[in-house]
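J.: What follows is a structure written as structure tokens; I'll ask about it next.
The values are calculated or read from the model by the stated rules, or taken from the named source; none is laboratory data. Just so it is clear, the model here is predicted, and its values are computed rather than measured. Cβ atoms come from the backbone with ideal geometry, glycine included; neighbour counts cover every protein chain shown.
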Amino acid sequence: VVRNTLMISSVKILLRLLVPLIIALLLNEVLSNGFKRTAQTVFFLPYFLSWAVMGGVLRELFEYDGTINAILQSLGWEPIMFLGSNTWFPIIIIVSDVWKDMGYNMIIFLAAITNVDPALNESAALDGANRWQQFWHITLPQLRPTTFFVVIMLTISGFKVYDQMYMITQ
């Protein structure tokens, strides 16, 4: 149990840090303000769902006689014991947790990214820096306080997995 909790928590913390950061960077670069607000809302909505609701949905999807196995059987595949599997269960827990809390961390990173002075990136571009170099040497250092805050919050919440596992597996 301790080994599984540490493994799941470590992977969750890493993914819950990187995925929202990548999405925030993409939203900041690609979308205009109107679409950016819509995308923020769509990504943030799962954060409002309780684990009781999420657990019920995930249980309905991944139970042996659930929706995913019904789809697999209609394709001629054998049903999979997702929730009783040492392989699939940690993956389901990690993906569901990243999906549920992704919007919250994305909003925090997006707010920090919009505070990065665009003149620094323009100056670096004029000096010949490519996008990766601008991110690595300008944006990322300015995101350190935000990243530290997010890592602390993720570490605290990363070990609280009992309610999630209970609601999914009963």
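J.: Within the range 92-108, track down each residue that is modelled with pLDDT of 90 or more and more than 12 Å from the chain's Cα centre (by Cα).
T.: Ile108
J.: Then there is this: Looking at Ser123, Ser157, which is the one that is surrounded by 13 or more Cβ atoms within 10 Å (Cβ to Cβ), hydroxyl-bearing (Ser, Thr, Tyr) and more than 30 Å from Met7 (Cα to Cα)?
T.: Ser123 is the lone residue from the list that is surrounded by 13 or more Cβ atoms within 10 Å (Cβ to Cβ), hydroxyl-bearing (Ser, Thr, Tyr) and more than 30 Å from Met7 (Cα to Cα).
Conditions tested, residue by residue: (1) among the acidic types (Asp, Glu); (2) farther than 22 Å from Leu25 by Cα.
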residue	(1), (2)
Val42	no, no
Asp65	yes, yes
Ile93	no, yes
Val98	no, no
Pro118	no, no
Glu122	yes, no
Trp136	no, no
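J.: Same structure again: Scan the range 85-120 for residues that are surrounded by fewer than 13 Cβ atoms within 10 Å (Cβ to Cβ) and over 21 Å from Ile22 (Cα atoms) and jot them down.
T.: Residues satisfying the conditions are Asn86, Thr87, Ala119.
J.: Now, a different point. Quick check, is Ile156 more than 20 Å from Ala24 (Cβ to Cβ) and under 25 Å from the mean Cα position of the chain (by Cα)?
T.: yes
J.: Is at least one residue of the range 49-71 closer than 26 Å to Phe149 by Cα and not aliphatic (A, V, I, L, M)?
T.: Yes, the range 49-71 contains at least one residue that is closer than 26 Å to Phe149 by Cα and not aliphatic (A, V, I, L, M).
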